[in-house]
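Visitor: Following this message is one structure expressed as structure tokens.
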Amino acid sequence: MAIAWSEKASYVEVLSRPPSLSPPVILTQDELKKIAAYKAVEFVESGMVLGLGTGSTAKHAVDRIGELLRLGKLKNIVGIPTSKKTQEQAVSLGIPLSDLDHHSTIDLAIDGADEVDPHLNLVKGRGGSLLREKMVEGTCKKFICIVDESKLVKHLGGSGLAMPVEVVPFCWKFTANKLQNLFEDSGCVAKLRNDSKGKPFVTDNGNYIVDLYLKEDIGDLQVASDAILRIAGVVEHGMFLDMATTVIVAGELGITIKNK
């Protein structure tokens, strides 16, 4: 089996590479992302309302959807973008767009993730679009998450990278201190995210992001989620709990599909 944690899956399909006498080809991380994205787009059907994700992996899926529309292999697709960046990409590809006000139920959403645990819980938002992503992906009938195998973790926060929390700019230091103290037992360090110019990163919604760096497991994720959201000043966090219905993982040994 290509992915060790997939042993806990309720259903797993592994599409491995056929044996070859040729030396193995080493794929780049971006090539693996593209493989996962293209596999996810195979689930798209004409007439669907689609949630269009944000980030380097989701970009490949949006590109593919645009290509299939142009070739006439998909028709009557409506896209709901999860960021201004994705909206611009979709417009450039000729993908018709709408929003949640006009389509409160979405057939399928395709997006990447920063971390995936064995129970298909996700960390998202290192690209800064977590609020809109959660709004769109929380209302879809099916949510396919696409990743390369480097995103697999034993527990959320296990990569040692950021666990994003979107906060209002007003007294953000106060909010950041509250968040850091909340997970003090997990060795949490809370840092304001800055842009390339060293100024606070501003989301599409005009908010800031506080990144939480965790040294230990934070325990019960639902309890942690509720505690974060009870802090005044917090808008939303990047834990996507029990939302993904399918995770497609691209690795050196092939594609792994894990379903709820």
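Visitor: Being touching a His at 6+ places or on another chain (Cβ under 8 Å) and more than 22 Å from Lys73 (Cβ to Cβ) is the requirement here; does Asp117 meet it? Working first, answer last.
Guide: On the way: touching a His at 6+ places or on another chain (Cβ under 8 Å): yes; more than 22 Å from Lys73 (Cβ to Cβ): yes.
Against the criterion (touching a His at 6+ places or on another chain (Cβ under 8 Å) and more than 22 Å from Lys73 (Cβ to Cβ)), Asp117 qualifies.
Visitor: So which residues in region 232-256 are closer than 13 Å to Leu130 by Cα and buried (at least 24 other Cβ atoms within 10 Å of the Cβ), if there are any at all?
Guide: His237, Gly238, Met239, Phe240
Visitor: Let me ask something additional. Any idea which residue in region 220-231 is surrounded by the fewest Cβ atoms within 10 Å (Cβ to Cβ), counting only those that are touching a His at 6+ places or on another chain (Cβ under 9 Å) and small (Gly, Ala, Ser)? Don't jump to the end; show me each part of the working.
Guide: Applying the first criterion (touching a His at 6+ places or on another chain (Cβ under 9 Å)) to region 220-231 yields 221, 224-225, 228-229.
Now restrict to residues that are small (Gly, Ala, Ser): 224-225.
Numbers: Ala224: 20, Ser225: 16.
Going through the qualifying residues, I end up with Ser225.
Visitor: Moving on. Considering only region 85-196, give the strands (runs of 3 or more DSSP E) lying wholly within it that have at least 3 residues that are under 13 Å from the mean Cα position of the chain (by Cα).
Guide: Working: elements: 106-111, 140-148, 163-167, 189-192.
Of the strands (runs of 3 or more DSSP E) lying wholly inside region 85-196, those with at least 3 residues that are under 13 Å from the mean Cα position of the chain (by Cα) span 106-111, 140-148.
Visitor: Since Leu100 meets every condition but one in (1) open to solvent by 30 Å² or more (accessible area, probe 1.4 Å); (2) among the aliphatic types (A, V, I, L, M); (3) more than 25 Å from Ser46 (Cβ to Cβ), which condition does it not meet?
Guide: (3)
Visitor: Right, something else. Go over the candidates Asn207, Asn177 one by one and state the one that is over 18 Å from Asp114 (Cα atoms), touching a residue at least 12 places away in the same chain (Cβ under 8 Å) and touching an Asp or Glu at 6+ places or on another chain (Cβ under 6 Å). Please lay out each step first, then the result.
Guide: Numbers: Asn177 fails: touching an Asp or Glu at 6+ places or on another chain (Cβ under 6 Å).
Going through Asn207, Asn177 in turn, the sole match is Asn207.
Visitor: Being on the phi > 0 side of the Ramachandran plot and open to solvent by less than 10 Å² (accessible area, probe 1.4 Å), is that true of even one residue in region 129-149? Let's see the steps before the verdict.
Guide: First, pick out the residues of region 129-149 that are on the phi > 0 side of the Ramachandran plot: none.
Within region 129-149, none of the residues are on the phi > 0 side of the Ramachandran plot and open to solvent by less than 10 Å² (accessible area, probe 1.4 Å).
Visitor: With (1) touching a residue at least 12 places away in the same chain (Cβ under 8 Å); (2) at positive phi; (3) of a type in the set (Gly, Ala, Ser) as the list, and Gly72 as the residue in question, which single condition is left unmet?
Guide: The one condition Gly72 does not meet is (1).
Visitor: Right, something else. Can you tell me which condition Arg193 does not meet? The list is (1) under 26 Å from Tyr208 (Cβ atoms); (2) open to solvent by 60 Å² or more (accessible area, probe 1.4 Å), and all the others hold.
Guide: Of (1) under 26 Å from Tyr208 (Cβ atoms); (2) open to solvent by 60 Å² or more (accessible area, probe 1.4 Å), only one is false for Arg193: (2).
Visitor: If only one of Gly51, Gly47 is open to solvent by less than 70 Å² (accessible area, probe 1.4 Å), under 15 Å from Val136 (Cα atoms) and in contact (Cβ under 8 Å) with a residue 24 or more places away in the chain, which one is it? Show your work before the answer.
Guide: Numbers: Gly47 fails: under 15 Å from Val136 (Cα atoms).
When all the criteria are applied, what remains is Gly51.
Visitor: Given the criteria modelled with pLDDT of 95 or more and either touching a Lys or Arg at 6+ places or on another chain (Cβ under 9 Å) or assigned to a loop (DSSP other than H, G, I, E, B) (or both), does Ala250 qualify?
Guide: Values: modelled with pLDDT of 95 or more: no; either touching a Lys or Arg at 6+ places or on another chain (Cβ under 9 Å) or assigned to a loop (DSSP other than H, G, I, E, B) (or both): yes.
Answer is no for this residue.
The values are calculated or read from the model by the stated rules, or taken from the named source; none is laboratory data. Since the structure is predicted, the reported quantities are computational estimates derived from the model, not experimental observations. All Cβ positions, even for glycine, are placed from backbone atoms using ideal geometry, and neighbour counts span all protein chains on display. We work out accessible area using only protein heavy atoms, side chains counted, and drop any ligands, DNA or RNA first. Shrake-Rupley method; radii C 1.70, N 1.55, O 1.52, S 1.80 Å.
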